[in-house]
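J.: Encoded as structure tokens, here's the structure I'll be asking about.
Values in this text are rule-based calculations from the coordinates and carry no lab data. Computed from a predicted structure; not experimentally measured. Using ideal geometry, Cβ is built from the backbone for each residue, glycine included, and neighbour counts are taken over all protein chains shown.
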């Protein structure tokens, strides 16, 4: 059967004792069911390859001008998109290992939230914004994502990001405490993330314990995302 | 445009283009009495029903507000203190639900209830040379009602919240700016108001929608809003 070879959405690679998940291609990496399913499959593989007794680490990064430009608002079912985004966030926050977002392009709206769902955010200095566009496109932010932003940003940065829709360069994001560090270009950003991953793996943390710590630090985030998934199960069932 | 001017004796509402200026008038301490709370709430209701796109609150004289009107509460503190606290929380709720950005142009002391009123705004601009932000509650054994405490906690960095409330630190304009309590410092009252109007003017030009703005603010602080509504409803709360 002749089939056009479609470029995969993402790729998981092992580098030494940590892993890198790359969003492939020069597109906007908009979050929709096919992209999320591809990422979830990679994360499943990652879990099966990681040791139960000592943490590895995951770096998420992207090719091209975008880390992710947010939800795919052109996808036929908005409900399916939202549900899949909640599944994606749930998968990331439940990973039993440190996670680093190496942001080498724009991260807007849900893309910004995805970056914040990582334990560390490294950003390239020379290009790209972090931006919550919801105020300008008149969309509300659901409780799960809202709790993620609120738990990771200072009160003032939270107000600036959400209510003012400020476009943060890496410098602005660093000053506001939104990102952990900034680096000259895409390659140096990724290299810095690799070094950090090695440093964290060397701490030899216990994977389950690490995940429990994260859950204990951000209980509202976990509760809100679980509730979103439960509610959408309920409403899906009620449509049967 | 110019010329729309309502005055109810203790405060006034004036319109400049699409920005409303709510002014605490006269050289008094602008302490919160039932009369002042009622007049302020009326003006905010007018603002909510108008097609204006920003509210700037400012003051005449040396005080933004020095807190509760203790002359009024003195004859019957057991009933009057809870009453005025409830009125103040209703005023704060009105601001938190208002369908436009709010700017406090602070040209004097904002103490206790006055601090709460200032923090209930989205943005704060302050005179560099005059006025403190502080809460003397700890020095007079006054336990903050939970809703008021939650508001301050939601808007301040953890260390600032602790220093402000548990230590009763008096923040000058310069200190307040350093810790992010205010967004900008200006030379005098005229410059403070002008800066607030300038910031408001820039923001009103963006294509956000009023209902969406209000919805976004509510979704940023849902537990806070819910707690304030419970406390300020008739039946209210008991201060121990």
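J.: If packing is taken as the mean number of other Cβ atoms within 10 Å per residue, what is the order of B:119-130, A:7-18, A:139-150, A:96-107, highest first?
T.: Peptide ranking by packing, descending: A:96-107, B:119-130, A:139-150, A:7-18.
J.: Using a Gaussian network model on chain B with a 10 Å cutoff between Cα atoms, which of B:50, B:148, B:33 fluctuates the most?
T.: So, out of B:50, B:148, B:33, the one fluctuating most is B:50.
J.: Among the DSSP beta bridges whose two residues both lie in chain A, what percent are antiparallel, rounded to the nearest 5?
T.: 25
J.: Mind checking which of A:127, A:156, A:83 has the largest fluctuation in a GNM of chain A, springs on alpha carbons under 10 Å?
T.: Comparing A:127, A:156, A:83 in the GNM, the peak value goes to A:156.
J.: Decide, for segment A:10-238, between rounded, prolate and oblate: order the square roots of the alpha carbon gyration tensor eigenvalues as a ≥ b ≥ c, take rounded if a/c falls under 1.5, and otherwise choose prolate if a/b is larger than b/c, else oblate.
T.: rounded
J.: Also: In whole percent, what relative contact order does chain B give with Cα contacts below 8 Å and a gap of six or more residues?
T.: 19
J.: Other chains near A:154-167: what is the mean number of their Cβ atoms within 10 Å of each residue's Cβ?
T.: 5
J.: With a point put 7 Å past each Cα toward its Cβ, work out how far residue A:199 is from residue B:16 in nm, to one decimal.
T.: Distance between the two pseudo-spin positions: 4.8 nm.
J.: With an 8 Å Cα cut-off and a minimum separation of 6 or more residues, compute the relative contact order for segment A:10-238 in percent.
T.: That works out to 22 percent.
J.: While we're here: Going 7 Å from the Cα of residue A:54 in the Cα-to-Cβ direction, what parts of segment A:16-38 have a backbone nitrogen less than 12 Å from that spot?
T.: A:17-18
J.: Once label points are set 7 Å from the Cα along Cα→Cβ at both residue B:71 and residue B:174, what is their separation, rounded to one decimal in nm?
T.: Using points 7 Å along Cα→Cβ, the separation is 3.5 nm.
J.: So how far apart, in nm, are the two label points at residue A:188 and residue B:153 if each is 7 Å from Cα heading toward Cβ?
T.: Using points 7 Å along Cα→Cβ, the separation is 4.2 nm.
J.: Where a ≥ b ≥ c are the square roots of the eigenvalues of the C-alpha gyration tensor, would you call segment A:140-219 rounded, which needs a/c under 1.5, or, failing that, prolate if a/b is larger than b/c, or oblate?
T.: In terms of gyration-tensor shape, oblate.
J.: Would you mind classifying the protein assembly as shown by shape? Square roots of the alpha carbon gyration tensor eigenvalues, ordered a ≥ b ≥ c; an a/c under 1.5 is rounded, otherwise it is prolate if a/b is larger than b/c and oblate if not.
T.: Prolate is the answer for the protein assembly as shown, as a/c is 1.5 or above and a/b outweighs b/c.
J.: While we're looking at this one, here's another question. Note down the relative contact order for segment A:82-200 as a percent, whole number, built from C-alpha pairs under 8 angstrom at least six residues apart.
T.: Over segment A:82-200, the number comes to 30 percent.
J.: Sketch the reach of a paramagnetic label on residue A:45 as a point 7 Å from Cα along Cα-to-Cβ, and name the residues of segment A:14-35 whose backbone nitrogen lies under 17 Å away.
T.: A:14-25, A:34-35
J.: Could you work out the helix-only [θ] at 222 nm for chain B, with each DSSP H run of four or more residues adding -39,500 (n - 2.57) and the total divided by the number of residues, to the nearest 500 deg cm²/dmol?
T.: It comes out at -14000 deg cm²/dmol, rounded to the nearest 500.
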